[in-house]
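K.L.:
Please read through the structure below; I'll follow up with questions.
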Amino acid sequence: MIERISGSLLDPQSLYIRDDALFSSPELHGLNLVMGFTGFADAGHVVRQITAELLDTLDSEMIAQFDADQLIDYRSRRPQVSFVEDHLQDYQAPSLALYRLVDGLGSPFLFLAGFEPDLQWERFARAVVGIVEELDVNLVAWIHSIPMPVPHTRPVGVTVHGNRPELIEGISVWKPTVEVPAAVGHILELRLTEAGRNIAGYVIHVPHYLAEAEYPTAAVAGLEYLGAATSLMLPTDRLREAGREVGRQIAEQIEASEEVQQVVSRLESRYDEKAEGTVRRSLLADENDQIPNADALGAAVEAYLARKEPGE
């Protein structure tokens, strides 16, 4: 038996500063909390796009800010700064904060977003669990994205996990049993579950040949899943328009290459077989349990999208 070590762990509340007046307000209690962290996978830059869309288009108010100096390894993930001829400007300081937002129908909710901590995961988790319990959060819904060998011509897939069966059953299109590298969101889900709090996590499937580019269509899907889980009206109009433009760019590249067309066609066939119930151990594998090769398509599309910004 392992004996409990005497003493106390570092105070998790010292990881952040907050607006105590807002925290004590009844209007902040019983809300839903949406979470997204950049730095882990984030295929198609889904979390980054969702964060920007929510903070740019909805009424927002920061109610707590985490101390980046305690949580980030600056040398492994260096912030950007602009050098302009003879001086520096526009230092992009890393940010991780809790916001109060109001959706399109006037419903308030909480949003925890920013960089994924490099350090002190358990202490950070205790801090978040403490906030969730203090504010009596109704549901925590978090999102991230991973690259998958699926075609962009089919609906964006999702894998859902958590402790709310009504939000999970019948939604996940890929339900594996695998070991994966942990993210801070996984730790938060485990600790919130242990604390008896409601939580659901959404993993958006991004075509692996588009994982390094901005893929607005996947971000739209993420917002729709989050909105459905939390009964919120989340903004998607700008991302939908950007997605249509990116779709046109991808179509141009595919039309210009017969080899790329064949790769997409194979991915479509495998996707459709899975959707129709064909026995297959994993959506990731083909008949020989090999990951389908879309290198040609990935190189072509990524090179093309790298020269353009959505909406150009």
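The values are calculated or read from the model by the stated rules, or taken from the named source; none is laboratory data. Every value quoted in this text rests on a predicted model; they were computed, and no experiment measured them. All Cβ positions, even for glycine, are placed from backbone atoms using ideal geometry, and neighbour counts span all protein chains on display.
K.L.:
Of these, Val156, Val132, which one is over 27 Å from Glu214 (Cβ atoms), buried (at least 20 other Cβ atoms within 10 Å of the Cβ) and assigned by TED's automatic domain parsing to the domain that holds Pro79?
P.N.:
Val132
K.L.:
Any chance the range 197-206 includes a residue that's modelled with pLDDT of 90 or more, more than 25 Å from Leu139 (Cα to Cα) and assigned to a helix (DSSP H, G or I)?
P.N.:
No, every residue in the range 197-206 fails to be modelled with pLDDT of 90 or more, more than 25 Å from Leu139 (Cα to Cα) and assigned to a helix (DSSP H, G or I).
K.L.:
Here is a follow-up. Can you find a residue in the range 222-238 that is surrounded by 20 or more Cβ atoms within 10 Å (Cβ to Cβ), in contact with a helix residue (DSSP H, G or I) (Cβ under 8 Å, 6 or more places away or on another chain), in contact (Cβ under 8 Å) with a residue 40 or more places away in the chain and among the charged types (D, E, K, R)?
P.N.:
So far as the range 222-238 goes, no, none of its residues is surrounded by 20 or more Cβ atoms within 10 Å (Cβ to Cβ), in contact with a helix residue (DSSP H, G or I) (Cβ under 8 Å, 6 or more places away or on another chain), in contact (Cβ under 8 Å) with a residue 40 or more places away in the chain and among the charged types (D, E, K, R).
K.L.:
In the range 186-202, how many are hydrophobic (A, V, I, L, M, F, W, C) and surrounded by 17 or more Cβ atoms within 10 Å (Cβ to Cβ)?
P.N.:
Residues meeting the conditions: 4.
K.L.:
Does Pro216 qualify as being touching a residue at least 40 places away in the same chain (Cβ under 8 Å), under 29 Å from Pro117 (Cα atoms) and surrounded by fewer than 17 Cβ atoms within 10 Å (Cβ to Cβ)?
P.N.:
When the stated conditions are applied, Pro216 does not pass them.
K.L.:
Within the range 115-172, work out how many residues are in a helix (DSSP H, G or I), among the acidic types (Asp, Glu) and over 30 Å from Gln80 (Cβ atoms).
P.N.:
So the count comes out to 3.
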